[in-house]
């Protein structure tokens, strides 16, 4: 019998529907992988095998009754622990929320369950999604299943913040997982682990019930083995939600049905500013290969300019911490989560003690930066200036999209780095998202697809950025690359 | 603009995060490094540019004035509201006594 | 110009006052969640997951709250900003679950307006003053802390958390306690007319932050203090008086006024510093990224405007000009929207029942409501919302009096009996009908004069104030049913 954990979303959905195997068999196979990998990879904060089986039983029962199975019928998935899940601890990988059990289900996770998916568990991540290597989790680092081909066994970063998601999918612990992307948190970990992931247009997926990091940037999206699986899962996740005032009131397109790798008549923009001095040679080479693949698919290649690219990251590191400093004010030890009440402490002392004990170093760093840039006398110089630069970055994209349909660029400046390599220098860590952040600031759909391995045998990703609402164009360009890259590498199982 | 220990202490107090002297000392150069880097934004000519208000064109929708129209965002759920509270008494949240 | 001056040891001082009024918007549900807003519910029963700021919860604005704020702005002749934004005001307190209040700092919904106040309600034709309104914005209310229920804990009730408030900020245009009181009363009157706030100050639906400073007349503004949450017109006036006096004393004894937040203690009639709130506030306002800019279209504004009722100034003017009421009565009848509503209901009903125009019956209705009915209710020991105090009953009384069917004093008697006993009002009016039968009146008059020949002689000898005695005796003999005008007429003729 085939190893069911080698199957992706479409294969599982179709196989369950046809009766090739049962949803329970699938759930149990993934549950076993989750359990076996937990010590070595630490991808999950909480595993919920019983929920995966319960959902699978429901799918099998529906099939037996001849009822429709849903877009994700029989597919067990990993849920990033930033999505509130009713009755299951939701922590954002922070001590401050340890033990918090929501009385509600996030809109996106509810949609996935309604579509027939089941939950394998809550996936580890960077604390409050702040990080690019999954080294800021209170629940320990996630270890990438990938190792360099030099024969060493250095532990590598799975990317972040959706590092548990990327590891789970790459290591066959889940056929797919949810991610969230604030400044690259879906795309960069997808690139680091040789999987696909898409951040849709801002507003496509409801933010209701997702622990907020930076409200104007946060977007949920799927992370899966391939483009088709992303399309299927995004259809299940997206949709208008009246509970989120920034949700887009648009119908959800049938992205899977619309998939086409034919790029004839399409123009692909290559942003000149992304070709930076000292660019990693393997990354540059993979970008060039990507250009050739899209040409091969019929696309016309045009050079474009995004003149404010170099300012995107600094603008992001003002805007995101500013919003975070306010969004995280609710973690105060009063209504849920950790309370640290030193002897004789008053209310304000309790706040300060609780937040000192509950937040990790990176979270504190960003709260302090955010507090500072919003404080009296500095607001205009930092925050207002950054929001103006953000407008300019958005204009850059608008202009570029008068000349092209999608933009092709690397996802990250390098392949995965070793754990601990960048933790001493926050700036070097931040620079990892240099290619991912501009699309986030402009709210644009963007995805990463695997594009080969570097000289160390580690995956590299290519990023496609599309016009607002044009997830289809992004997915199709991704499919065109995927079908030419023929990426089939997977990590050797060492865990 | 760079920050000194006193400024960081003030920000931390504003953000209600207790920091030790040692932590303060470590944070000052880190924050200054980040601030120096973000300050390159000052180079950008933003004359006549409005700060971004909505990243994707969209309009703020207003909801109808109906009580508990959606149970997920309605009231009457005291048990749910209090379920995770570190201290709850008689239907209230409890906090250390506040003297006003 | 106000001549209100504080007499200090070193000379005269002028007080400068501005008010920031927080008015709870009348709405069924909260500003950003569907939880109910009713007053007095069990603790935390009107709290949604959104109001409790659970992780991942998001605000969605209530159209009615925006609409009411816009209507309020229109009622004070203010600029309505078709583009406004919500900002977050960040601070930590146990009554503020989000760690920020969603408010509007940079782009408020309503811009500049003004209202005209009458300085002495007893003299509506006397002096008036225009007070500028700087802005009106919409924001969330906070929850409530209770300190007395537990030895070591304060209790938090979030029922109020997220209820919509309008913050109505005046210009520093007021110069006396009376002006501040008149402004707050006028604002309350307008809000109640518009229906955007119930104005229940004892339930906290309206409360004022009172900004007070003093200066030598004609000099620049002095340093101001802000006394928070003052919840009656009387207290606002008291705060102004005591705080201005305190500031004068501070300055005259060589000190300086500190810009600070203060609290009013009604028992001691003094303000005191709220030092607990003084720790270096830096609210770090920034646009709420969970909400897009609030953009209002013309249709929305048109509906707001079209749904505005006749406002108190216009109504008062109409009562004087179209109904011919005195300035005093017009002012009294329009002082509160409920009174005006009762007046207009009774007016329409009385006009209809009597077949006369409203202008013809207005004075009678006004007199009945302002002078006569309150006394009857008082004597009967019932309040105006007594179930028998209906428009129909009042109409019957007013129409019967207006047409001369019964006398004014009989009307009061009958109405009191109607309220307190089981009588049939129509039958009672019928039974007490005045007679205009001249023959009967003449007979009664003649009998009285004959029985009081000595008094007639005195009257004729110059004691003319005995006329009233004859009227009284005649009316008594006729059991109050004689038409008083005819009785007078006949008596005058007979005594001539």
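Here are a few things to note about the model shown:
- Remark: the Cα gyration tensor places the stretch C:269-340 in the oblate category, a/c being 1.5 or greater and a/b not exceeding b/c.
- The DSSP beta bridges internal to chain A are antiparallel in roughly 70% of cases.
- Residue order for A:244, C:123, fewest other beta carbons within 10 angstrom first, comes to C:123, A:244.
- The mean count of C-beta atoms from other chains within 10 Å of the C-beta of residues in C:34-40, rounded to a whole number, is 5.
- Cα gyration tensor of chain A - equivalent ellipsoid semi-axes, whole Å, descending: 31, 29, 22
- Residue exposure proxy: A:487, C:221, B:92, C:415, ordered by other Cβ atoms within 10 angstrom of their Cβ from fewest to most, comes out as C:221, A:487, B:92, C:415.
- Alpha-carbon centroid distance for the pair the stretch A:87-108 / the stretch C:466-491, whole angstrom: 88 Å
- Its Cα gyration tensor gives the stretch A:351-473 an equivalent ellipsoid. The semi-axes, each the square root of 5 times an eigenvalue, are 30, 24, 12 Å from largest down.
- Stokes-Einstein D (µm²/s) once Rh is taken as the Kirkwood radius of the stretch C:310-431 over alpha-carbon pairs, at 37 °C in 0.692 mPa s: 226 µm²/s
- Using a simple spin-label model with pseudo-atoms 7 Å out from Cα toward Cβ, residue B:49 and residue C:317 lie 5.1 nm apart.
- Exposure proxy order (Cβ contacts within 10 Å, fewest to most) of A:365, A:204, A:172, C:5: C:5, A:365, A:172, A:204
- Using a cutoff of 8 angstrom between alpha carbon atoms and counting only pairs six or more residues apart, the relative contact order for chain C works out to 14 percent.
- Projected label distance in nm at residue A:18 and residue A:284, using a 7 Å step from Cα toward the beta-carbon: 4.6 nm
- As a calculated quantity, the FRET efficiency between residue A:295 and residue B:79 at R0 = 60 Å, using C-beta atoms, amounts to about 0.45.
- Its alpha carbons give the protein assembly as shown an Rg and a Dmax of 37.7, 140 Å.
- Taking every C-alpha pair closer than 8 Å and separated by at least 6 residues, the mean separation divided by the residue count of the stretch C:6-302 gives a relative contact order of 25 percent.
- Quarter of Cα convex hull surface for the stretch C:438-495, i.e. mean projection, nm²: 3.3 nm²
- Approximate shape of the stretch A:30-177 as ellipsoid semi-axes (Cα gyration tensor, √5λ), whole Å, largest first: 27, 19, 11
- Translational D in µm²/s for chain C (Stokes-Einstein at 20 °C, 1.002 mPa s, Kirkwood Rh from C-alpha pairs): 80 µm²/s
- Among the residues of A:235-245, the average count of other protein chain beta-carbon atoms within 10 Å of the residue beta-carbon is 4.
- Within 10 Å of the Cβ of each residue in A:90-100, the mean number of Cβ atoms contributed by other protein chains is 1.
- Once the mean of 1/r is taken over each pair of separate Cα atoms and inverted, the stretch A:406-481 shows a Kirkwood hydrodynamic radius of 13.4 Å.
- Taking B:54, B:26, B:83 as the candidate residues, the one with maximal mean-square fluctuation in a Gaussian network model of chain B, Cα springs under 10 Å, is B:83.
- Pairwise Cα separations in the stretch B:1-74 fall into 5 Å bins from 0 onward with the following percentages, short to long: 3, 11, 13, 11, 9, 10, 11, 11, 11, 10, 1.
- Set against the 2.2 N^0.38 Å expectation for a compact globular protein, the stretch C:6-302 has a Cα radius of gyration ratio of 1.03.
- Cα-based values for the stretch A:234-348, radius of gyration first and Dmax second, are 23.3, 72 Å.
- Placing one equal scatterer on every Cα of the stretch C:30-136 and applying the Debye formula, the log10 ratio I(q)/I(0) at q = 0.19 Å⁻¹ is -1.04.
- Counted over all Cα-Cα pairs of the stretch A:4-260, pairs farther apart than 32 Å make up 13 percent.
- Contact order normalised by residue count of chain A, Cα under 8 Å, 6+ apart, percent: 18 percent
Coordinate-derived values only; no laboratory data. Quick caveat, the model's predicted, so the values are computed rather than measured. Here Cβ is always computed from backbone atoms with ideal geometry, including for glycine, and neighbour counts include all displayed protein chains.
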